[in-house]
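Worksheet: one structure, shown below.
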Amino acid sequence: MHPDTWLISQGRPTELGDPLNFQPTMASNFRLPGERYYNRTEGTETAGALEELIGGIEGGRTLAFSTGMAAVAAVFDSLAVGSTLVIPEDPYHATNGLAVEGERQGRWTVRRLDLADTDAWVAAAVDADLLWVETPANPLMTVADLPAICSAPRKEGCLVAVDGTFATPLVQKPLELGADISMHSATKFIGGHSDLMAGVLTVSDDVLYDDLWNRRVRLGSTIGGLEAFLAIRGARTLPLRMERSMENAAILAERLDVHSDIARVRYPGLPSHDTHAHAAKFMDGFGAMMSFDVVGSGERASAVVEHTSIVNNATSLGGIESTWERRALIPGQETMPPTLIRFSVGCENVDDLWADITAALEATKN
Ligand SMILES: *Cc1c(COP(=O)(O)O)cnc(C)c1O
């Protein structure tokens, strides 16, 4: 079944007389004896429906978590003391914080590699325990050569996990390329309306699934019933939203790229992007995230993001509404270029967005 159809038709009650949608199950425990005992362990049927939806399009079994970081933490938690953890030079800042803290506690050694340097990742697979590949990466939009990294010969037990939040499960399919774990912050595109926090891990190996299931129980990071309900509601329109937002992103990236007030655009779909060739090799579309540098100072970049009336100056991403932010102002991101604006393109009319953006650039000229 095509993902568009799967996301709409599956994850529903099927008995005669049932409502078409699972209701948000708001309960910590269940009457016994029964299949479910306690929400933190078995989760709710609402969460189960979300897991069915995402697992079906990723090609594996999904575990839903309370946040994206809870999903990341469950994977890192599986590392034995003394492991080698390989991460990109500049991963999502909370992922970085978790890696740094674990290293400080002596739990693992962190190795940082340039995402664009495929040979370095392939070589690392021979003696690392976990390759954590975030692609496209935040906020420089570097795309890893996932097919090459996932098929590299590995040390026994070495896991490859992919944070594909920026791509969504529609645009890239890590498990099909040979990764062990596909992770998404469902807070972003899957939820799609900036109204929930959630995360998902999808795996194809049953032993790994059971191990991560147990970690979720012990770490206490099961998704809530209302969040699962909202994430399902969001996931049903993911293909429609992605179609529009990717179309908008491609148009805006091209226009920004030739605008005299923009110094540089980073969008995987632009042939000039440093890792466009990787993206073209295996992504199905180029996503709706980009970053660009305005000509001038960091102050001008701040003024631009504050000036718009349609694009929201807000840090999160993946919503139906466009958001952008000056990245260097985010705690932990001070090393980013001061003029860099990270842009999550939404589903508004593209010409309204363009008018909003160009008015902000015009108003901040000096
Ligand atoms: C947001 C995000 C996360 C963390 O997800 P939360 O839902 O905020 O916990 C991890 N990776 C990437 C790429 C993200 O954008």
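The values are calculated or read from the model by the stated rules, or taken from the named source; none is laboratory data. It should be emphasised that the depicted structure is a prediction, and the values quoted were computed from it without experimental measurement. Note: ideal-geometry Cβ built from the backbone for every residue, glycine included; neighbour counts use all protein chains shown. These accessible areas exclude ligands, DNA and RNA; they are computed on the full protein's heavy atoms, side chains included. Shrake-Rupley method; radii C 1.70, N 1.55, O 1.52, S 1.80 Å.
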- Query: How many residues are open to solvent by 40 Å² or more (accessible area, probe 1.4 Å) and either within 16 Å of the ligand (Cβ to nearest atom) or in contact (Cβ under 8 Å) with a residue 60 or more places away in the chain (or both) when one looks only at the stretch 193-217?
  - Reply: 8
- Query: Condition test on P169, is it in a loop (DSSP other than H, G, I, E, B) and either under 26 Å from A120 (Cβ atoms) or not assigned by TED's automatic domain parsing to the domain that holds E348 (or both)?
  - Reply: no
- Message: Of everything in the stretch 133-175, what is crowded, with 20+ Cβ neighbours inside 10 Å and of a type in the set (S, T, Y)? Give them in sequence order.
- Response: T135, T142, T165, T168
- Any chance you could count how many residues in the stretch 83-98 are more than 20 Å from the chain's Cα centre (by Cα) and open to solvent by 30 Å² or more (accessible area, probe 1.4 Å)? 0
- Task: Select from the stretch 99-132 the residues that are under 11 Å from I87 (Cα atoms) and in contact with a helix residue (DSSP H, G or I) (Cβ under 6 Å, 6 or more places away or on another chain) and write down the one among them that is least open to solvent (accessible area, probe 1.4 Å).
- Result: W121
- Query: For the stretch 122-140, what are the residues that are among the charged types (D, E, K, R) and either farther than 27 Å from D293 by Cα or not assigned by TED's automatic domain parsing to the domain that holds V110 (or both)?
  - Reply: D127, D129
- Message: Restricting to the stretch 218-236, give me the number of residues that are away from the ligand (no atom under 14 Å from the Cβ), more than 15 Å from E42 (Cβ to Cβ) and either open to solvent by 50 Å² or more (accessible area, probe 1.4 Å) or of a type in the set (D, E, K, R) (or both).
- Response: 4
- Would you kindly identify the strands (runs of 3 or more DSSP E) lying entirely within the stretch 1-115 that contain at least 1 residues that are touching a residue at least 40 places away in the same chain (Cβ under 8 Å)? 61-65, 83-88
- Message: I'd like to verify a number: residues in the stretch 55-103 that are within 16 Å of the ligand (Cβ to nearest atom), more than 20 Å from G220 (Cβ to Cβ) and touching a Gly at 6+ places or on another chain (Cβ under 8 Å), how many?
- Response: 3
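Go through S316, S344, S297 for me and flag whichever is within 17 Å of V265 (Cα to Cα), within 16 Å of the ligand (Cβ to nearest atom) and hydroxyl-bearing (S, T, Y).
After applying the criteria, what remains is S344.
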- Failed condition for E254, given (1) open to solvent by 50 Å² or more (accessible area, probe 1.4 Å); (2) closer than 19 Å to T165 by Cβ: (2)
- Exactly one condition in (1) in contact with a strand residue (DSSP E or B) (Cβ under 8 Å, 6 or more places away or on another chain); (2) among the hydroxyl-bearing types (S, T, Y); (3) under 14 Å from N138 (Cα atoms) is not met by T339; state its number. (3)
- Task: For A120, work out the one condition from (1) among the aliphatic types (A, V, I, L, M); (2) farther than 28 Å from S66 by Cβ; (3) within 11 Å of the ligand (Cβ to nearest atom) it doesn't fulfil.
- Result: (3)
- Task: For the stretch 169-192, enumerate the residues that are among the polar types (S, T, N, Q) and more than 11 Å from the ligand (Cβ to nearest atom).
- Result: Q172, S182
